[in-house]
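Down below is the structure, laid out as structure tokens.
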Amino acid sequence: MSIYEQFRRECIEETAKQGSDEELARLSLEWTESANAGKYSYHFEWLSRPIIQYPQDMVAMQELIWRIKPDLIIETGIAHGGSLILSASILALQDYADAVESGRQLDPRASRRRVLGIDIDIRTHNRTAIETHPMAHMIDMIQGSSIEPEVIAQVQEFANGYKNILVCLDSNHTHDHALAELEAYAPLTSKGSYCVVFDTIIEDLPAEIFPDRPWGPGDNPKTAVWEYLKTHPEFEIDKQIDNKLLISVAPDGYLKRVR
């Protein structure tokens, strides 16, 4: 066993202990609730674009992308585009690593790796910022409801020919919408890859935090995940990620396709 492999084994053991620590879980949720009052997740950027994510989940996503090496990442929910930029930048680094390993010259614009974003309303200023960003050559966008049949058909057609696909769902956070997205896009996930469902944390927070939203405890992406998994044994919740992060907007949301 290499030194790195030994280190990884120790990390898995340590994070498993973290995950079983009820007091630590309570403190993490208490912190999350307090931080949410100040819109904590709105205060971060990736390569100069607002990403509206917790740093913990940003790190988790780059770990997954680097390990899985997808050739296509599908994301519902675009907002300012920070998540698209993050995904594209890690894919670009993978292209660079492949070029170094093979000894060939890198041509960034010849990359086959893509990020596809879907949003019901891509605002003009956000579209302009994304399309003029240095990572724009790896990004495609579709405007429309992610659960409308014609949009689903567009995404499925786009995904044809890609063998290694990672999916991220982060748009409307009601149970029905998240479940419809899972039914539409989770099947595109490659075996060994992930369908990541964001904002499952809503289930664990007080209802009064969402006074002007159509979602809340009992009606959110986590309840959709639980419902979806009842009939889709090809996916499992990766609890190791939850145990490691402790603070995340996606507890029970990192779904690994195991078959």
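The values are calculated or read from the model by the stated rules, or taken from the named source; none is laboratory data. Given the structure is predicted, the values throughout are model-derived calculations rather than measurements. Positions of Cβ are generated from backbone atoms using ideal geometry, with glycine treated the same way; all protein chains shown enter the neighbour counts.
Here are the numbers:
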{"item": "Residue pairs meeting the criteria (Cβ under 6 Å; at least 6 apart or on separate chains; first at pLDDT 95 or above, in region 1-22; second basic (Lys, Arg) and in a helix (DSSP H, G or I))", "result": "THR15/LYS244"}
{"item": "Residue match in region 209-220 (condition: in contact with a strand residue (DSSP E or B) (Cβ under 7 Å, 6 or more places away or on another chain), aliphatic (A, V, I, L, M) and either closer than 26 Å to ILE247 by Cα or at pLDDT 95 or above (or both))", "result": "no"}
{"item": "GLU236 out of contact with any strand residue (DSSP E or B) (no Cβ under 8 Å at 6 or more places or on another chain), outside any loop (DSSP other than H, G, I, E, B) and not hydroxyl-bearing (Ser, Thr, Tyr)", "result": "no"}
{"item": "Complete set of residues in region 35-58 that are without any contact (Cβ under 8 Å) to a residue 60 or more places away in the chain and either basic (Lys, Arg) or closer than 26 Å to LYS256 by Cβ (or both)", "result": "LYS39, PHE44, TRP46, ILE51, ILE52, PRO55, MET58"}
{"item": "Unique residue being in a loop (DSSP other than H, G, I, E, B) and out of contact with any Gly (no Cβ under 9 Å at 6 or more places or on another chain) when the list is TYR185, TYR162", "result": "TYR162"}
{"item": "Criterion violated by HIS125 - all others in (1) closer than 29 Å to ASN160 by Cα; (2) out of contact with any helix residue (DSSP H, G or I) (no Cβ under 6 Å at 6 or more places or on another chain); (3) not aliphatic (A, V, I, L, M) satisfied", "result": "(1)"}
{"item": "Output for region 62-83, where each listed residue is touching a residue at least 40 places away in the same chain (Cβ under 8 Å) and within 23 Å of ARG123 (Cβ to Cβ)", "result": "ILE73, ILE74, GLU75, THR76, GLY77, ILE78, ALA79, HIS80, GLY81, SER83"}
{"item": "Residue that is crowded, with 18+ Cβ neighbours inside 10 Å, modelled with pLDDT of 95 or more, over 28 Å from ASN160 (Cβ atoms) and in contact with a helix residue (DSSP H, G or I) (Cβ under 7 Å, 6 or more places away or on another chain), where the choices are ILE130, ILE51", "result": "ILE51"}
{"item": "So ALA207, is it surrounded by 15 or more Cβ atoms within 10 Å (Cβ to Cβ) and either within 21 Å of SER87 (Cβ to Cβ) or of a type outside the set (Ser, Thr, Tyr) (or both)", "result": "no"}
{"item": "Lone unmet requirement of (1) crowded, with 18+ Cβ neighbours inside 10 Å; (2) under 17 Å from TRP46 (Cα atoms); (3) touching a Pro at 6+ places or on another chain (Cβ under 8 Å) for LEU169", "result": "(2)"}
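Conditions (1) acidic (Asp, Glu); (2) surrounded by fewer than 20 Cβ atoms within 10 Å (Cβ to Cβ); (3) within 25 Å of ASP170 (Cβ to Cβ); (4) in contact with a strand residue (DSSP E or B) (Cβ under 8 Å, 6 or more places away or on another chain), marked per residue:
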position: GLY81; (1), (2), (3), (4): no, no, yes, yes
position: LEU86; (1), (2), (3), (4): no, no, yes, yes
position: ASP95; (1), (2), (3), (4): yes, yes, yes, no
position: SER102; (1), (2), (3), (4): no, yes, no, no
position: PRO108; (1), (2), (3), (4): no, yes, no, no
position: ARG112; (1), (2), (3), (4): no, yes, yes, no
position: GLY117; (1), (2), (3), (4): no, no, yes, yes
position: ASP121; (1), (2), (3), (4): yes, yes, yes, yes
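Quick grid of which residues meet (1) within 23 Å of ASP57 (Cα to Cα); (2) more than 16 Å from the chain's Cα centre (by Cα); (3) without any contact (Cβ under 8 Å) to a residue 24 or more places away in the chain:
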{"residue": "GLN154", "(1), (2), (3)": "no, yes, yes"}
{"residue": "VAL167", "(1), (2), (3)": "yes, no, no"}
{"residue": "SER171", "(1), (2), (3)": "yes, no, no"}
{"residue": "THR174", "(1), (2), (3)": "yes, yes, no"}
{"residue": "GLU208", "(1), (2), (3)": "no, yes, yes"}
{"residue": "ASP212", "(1), (2), (3)": "no, yes, yes"}
{"residue": "LYS222", "(1), (2), (3)": "yes, no, no"}
{"residue": "PRO233", "(1), (2), (3)": "no, yes, no"}
{"residue": "ALA250", "(1), (2), (3)": "yes, no, no"}
